[in-house]
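**Q** Can you read through this structure? Questions will come right after.
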Amino acid sequence: MRRSMEDAAMNMTPMIDVVFQLIIFFVTTADMQSKALDTKLKLAMAPHAVAEEKKDPREVLVDVGPDGRISIARTYMSPAVLRSILKKAVAESGQTLPVVIRGDARAKHEDIKGVMDACAAAGLWKVKFAALKERG
Amino acid sequence: MPPADLPMTPMIDVVFQLLIYFLVTIHPKDVVANLDVFRPSPDARQEQTTTPPKMIRVTVFAEGFTINDRPVDAPELDKLLSKLASIDRNQTILIMCTASSHHEDLVRVLDLCAKSRLVNLSVVSTN
């Protein structure tokens, strides 16, 4: 009799420990994809633009820093390298490949032009510029 | 029943610590918008230097904007673009950027176009 009573009262402590571990894991990994972006980039404000809804998984995000340096996922590259990457990407997924240029507000148009020219060389005539609709 | 009464105090302590940690570290996500533009091919650009008079040309300089060679400031540009959009939303707006202009100003023009719901936007670079 005494033994069965002991079995019935479950020890909750390990379960709570594990649940906490899981919560911490999911909270810290939920926002991983934004880590791939350049966080020092200050996007220009565009309060009237339409907020992006669905993301295309093929989307290529090209960052242009305030000093004009081009990078994809924090990997810096020259416009010539960018061009060959875009060409390869277009060969794989076609001319509808969405390219988003995340240009810093302080970047010169000259450097943005370098990215747009690389897109044009890869046969991409439609590009998007990322802007901040609302500061979080 | 000794195993049933779990000590709650340490758990509440830990939960509060976690709560404080996440409140302090998590900051709300920025809302990002995408502005779609067309990039005419280089030969198309040469055609456009003999500008058809109907096309609206907005030029972005490092110091300001001009619309069809008339210097304007941002509020005036906004007014003109909304007036143009009320006539025809599908007309092409040619946005010319000088090399030394800031990207911020191009985005501002694109934002004003988005505000007036103009959709045919072409961005070209000039010297």
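**Q** Determine the shielding of peptide B:107-119 by partner chains: average, over its residues, the number of Cβ atoms on other chains within 10 angstrom of each Cβ.
**A** Numbers: counts 12, 5, 0, 7, 9, 2, 2, 6, 4, 1, 2, 0, 0.
Partner Cβ neighbours, averaged per residue: 4.
**Q** Testing the spin-label approximation: label points 7 Å from Cα along Cα→Cβ at residue A:126 and residue B:119. State their distance in nm.
**A** 1.0
**Q** Starting at the first residue of region B:85-97, write each ³J(HN,Hα) from the Karplus equation 6.51 cos²θ - 1.76 cosθ + 1.60 with θ = phi - 60°, in whole Hz, x for Gly and Pro.
**A** 5, 5, 7, 8, 7, 9, 5, 7, 9, 9, 9, 9, 10
**Q** Please compute the contact order of region A:46-113 in relative form: average sequence separation of alpha-carbon pairs under 8 Å and at least six residues apart, divided by the residue count, as a percent.
**A** Result for region A:46-113 is 42 percent.
**Q** Enumerate the residues in region A:84-104 having an amide nitrogen under 13 Å from the point lying 7 Å beyond the Cα of residue A:55 toward its Cβ.
**A** A:100
**Q** Assigning unit charges at the beta carbon (Lys, Arg +1; Asp, Glu -1) and nothing else, what dipole magnitude in debye, to the nearest 20, does chain A show about its Cα centre?
**A** That gives chain A a dipole magnitude of about 360 debye.
**Q** While we're on this one: For residue B:99, enumerate residues with amide H under 5 Å from its amide H, sequence gap 5+ or separate chain, H modeled in the peptide plane.
**A** Distant-sequence amide H within range of residue B:99: B:126.
**Q** Assign unit charges at the C-beta atoms only (+1 for Lys and Arg, -1 for Asp and Glu), then state the dipole size of chain B relative to its Cα centre in Debye, rounded to the nearest 20.
**A** Roughly 580 debye, rounded to the nearest 20.
**Q** Against the longest alpha carbon principal axis of chain B, how many degrees, from 0 to 90 and to the nearest 10, is the axis of helix B:103-115 turned?
**A** With both axes taken from Cα atoms, the answer is about 90 degrees.
**Q** A further question follows. Counting only other chains, what is the mean number of Cβ atoms within 10 angstrom of the Cβ of each residue in peptide B:21-30?
**A** Working: counts 2, 4, 0, 0, 2, 3, 1, 3, 4, 7.
Rounded to a whole number, the mean comes out at 3.
**Q** Out of the trypsin sites (Lys or Arg not before Pro) in region A:38-102, which ones are loop residues according to DSSP with at most 16 other C-beta atoms within 10 Å?
**A** A:40, A:42, A:54, A:55, A:58, A:69, A:74
**Q** Find the relative contact order for chain B and round it to a whole percent, using C-alpha pairs within less than 8 Å whose residues are 6+ positions apart.
**A** Value for chain B: 28 percent.
**Q** Once whole DSSP H runs in chain A are found, which of them have Cα atoms spread over 30 Å or more along the helix axis and a mean Kyte-Doolittle score of at least 0.5?
**A** Working: long enough: none.
None pass (Cα extent of 30 Å or more, hydropathy at least 0.5).
**Q** Then there is this: Tilt of helix B:9-25 relative to the longest C-alpha principal axis of chain B, in degrees (0 to 90, nearest 10)?
**A** 10
**Q** Also: Can you list residues from other chains, or at least 5 along the same chain, whose modelled amide H is less than 5 Å from the amide H of residue A:103?
**A** Here A:64, A:130 satisfy the definition.
**Q** Apply 1/(1 + (r/R0)^6) to the Cβ-Cβ distance of residue A:19 and residue B:127, taking R0 = 35 Å, and write down the FRET efficiency to the nearest 0.05.
**A** With R0 = 35 Å, the Cβ-Cβ based efficiency is 0.05.
**Q** If you don't mind, there's one more thing I want to ask. With a cut-off of 8 Å between alpha carbons and a minimum separation of six or more residues, what is the relative contact order of chain A in percent?
**A** 28
**Q** Taking every DSSP beta bridge that has both residues in chain A, what percent is antiparallel when rounded to the nearest 5?
**A** Details: 6 of 14 bridges.
Here the share of antiparallel DSSP bridges comes out near 45 percent.
A short reminder: the numbers here are calculations on the coordinates, not readings from a lab. The shown structure was predicted, so the numbers you read here are calculated from the model rather than taken from an experiment. Virtual Cβ from ideal backbone geometry, glycine too; neighbours counted across all protein chains shown.
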